[in-house]
Structures are given as C-alpha cells and as structure tokens.
Amino acid sequence: MVKWIKRIFVALLAILAALIVFLVGSILIDFALGGNRLAEVTNTTIPGVNGSPDVRAYVARPAGSGPFPAVIMIHEFYGLNSSITGKADLLAQAGYLVVAPDTFRGSTTAWIPRAIYQVITSRPEQVNQDLDAVFAWIEKQPDLKRDSTGVMGFCYGGRASLAYGLHNPRIAATVVFYGSPVTDPQVLKNLSGPVLGIFGGADTSIPLAEVRAFEAGLKQAGIPNEITIYDGQPHAFVADADGIRAGGAQGKAWAQLLRFLDQSLKQSKSSGGYRQPILFTAPFDWGYYARLVFEHAIGSGSSHH
C-alpha cells in the first residue's frame, strides 16, 4: 500500500512538473512569436512621465475640429488588439477623442496563460503611472474639451479603469465593462464622477453578489451610478465593433454607454473643484482570474477578454 501511495505521489508530481514546463514554455514561445503584434494596433507613442517608459497607444480621432471630450479605453487581459481598436474607432465616430493605451508595456497575446502572466507581472502602480502619461498627453491636445476626460475598460481593463478613476481626481466619468469591482464605500467615495457598470448575468467569473455589493458601495459612498446586469450574457459579451453593430445585447450595452458618456462628458460642466490624488492601487484578484480560467476550461466563456 505504501509503495502504491508513493508511486501515485511521484506520478502526480511528474504531471505537475510537466504542466509547469508546458505553461512556461508556451509563454516563452508565444512571446518569441508575437514581437510585431503591437505594431499592428498602435499609431501613437506617448511620452512617459516621471522617468517611466513611453506608452504605445492607438488614437482614434473624431471628424471635425472639436473641442471633443476624451475617453481612455483600456484593453482586456489579452492586451491591446484589434477588438479594442475597432471599438475605439466606433466610439470616435460618436464624437470622442479615444486613446487606447498598451498597459502591458509591449506585450499582447491571444494565449490565455500568457494573458494571465501579463496581468500578474504588471504592477497596478505601473499601470496607473502609464495612464497618468496618457492623461497628460490628452490634456495637451488642442481639440480637447477641458475637464471632460473619462476612462473605460473591459475585463482586466474594467478593473484598471475603476482603479484609475480612484487614483486620478480629474477623471470625469468611469465605465466598467465586466471588471472585478471594488466594493468598499470608503474607497469608492474617492471617485470624482459618475460610474457606469455593465455586467453579464451568466458571467461565472464575477458573482452577481459582487456586482450588487459594488452598486451598494457606490450608493453608500454617494457616487452617482448606473449598474446594469444583462440577463443571460456571459463574460466579455461586448466582443467587437461588428457585434455591436449587429445589435442584440452588445448593441444595447453600447447604446447605454453612449447615453452615459453624452450625459457625463458632453453635456456636463466641470465643478472646478478637485480632490488631491490618492495612492490607490487595485490588488490582484486571484479569485476572479481563477474563475475566468475555469470558465474558459469548460468552454462557456467568450473568447474576447
């Protein structure tokens, strides 16, 4: 019996070691093969701030001379890709100057293990610093509508957008598309503008109880908010520009976004009073990403995160 237990234990260790080698090797191979991916989805280099590296980004400008409100659009955990640039172009058509930055500093992928690796190795304070550079660049644009810059993001980018709204007191509005939320009202009270939250009712990576706690926390903090759960929709259901144009839940969610931004950025006027920045960084949400990987493993999730 003891010998069999030892054999089973050794076999399990061998399987675990092989899995680790496979995952590490696959990440290295994907890194080696993906050197030019970012060049295909960026058109602007933004100077870094406080000694940080420059930030590569995709900028979509609306037609006309402005002034335009601006939106920082943060990608999913895969990194900056054509799904995001397509949505940036679509939002620009509605009259917004859109900047979609690479917050992974040169890394983008379609391989889930590397996507998780990108999130784990990107420090939240580093992401906020790069977004500070993006915000400073936007402020210098001659066709900008002053004090009307919002931030939005999808999946990883949804949590990053909320973290940046908490960090930067000059963000006029924050949009979270199925990002892991912050629920503490003592933290949420540091937001300077209204919040839109879009979530899927069939999203197994974000429990609906967390979404409701997010809404309750915003209300308790006195932050104007619009939190909507789209029944039957999985994680990352607002996939791309084509899906949005096709209508359905994607089209409805995008129309809700446009109404929110119109009220929050186009029509609103700055109060002129800004709080001091706070040093807020969102901790890595291990539970959220564990559930996300499980969702992929059982095949119920969308392929766009």
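The values are calculated or read from the model by the stated rules, or taken from the named source; none is laboratory data. Computed from a predicted structure; not experimentally measured. All Cβ positions, even for glycine, are placed from backbone atoms using ideal geometry, and neighbour counts span all protein chains on display.
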statement: Leu80 meets each of (1) surrounded by 21 or more Cβ atoms within 10 Å (Cβ to Cβ); (2) over 24 Å from Arg170 (Cβ atoms); (3) at pLDDT 95 or above with one exception, condition (2)
message: One residue is enough: does segment 213-225 have a residue meeting the conditions under 18 Å from the mean Cα position of the chain (by Cα) and closer than 23 Å to Phe284 by Cβ?
response: yes
- prompt: How do the helices (runs of 4 or more DSSP H) wholly within segment 148-259 filter down when requiring 2 or more residues that are surrounded by 19 or more Cβ atoms within 10 Å (Cβ to Cβ): which remain?
  reply: 156-167, 208-221, 241-245
In segment 40-70, residue surrounded by the fewest Cβ atoms within 10 Å (Cβ to Cβ) [restricted to those that are farther than 13 Å from Gln141 by Cβ, under 20 Å from the mean Cα position of the chain (by Cα) and hydrophobic (A, V, I, L, M, F, W, C)]: Val41
- request: Name every residue in segment 148-178 that is closer than 14 Å to Val134 by Cα and among the β-branched types (Val, Ile, Thr), in order of residue number.
  value: Thr149, Val151, Ile171
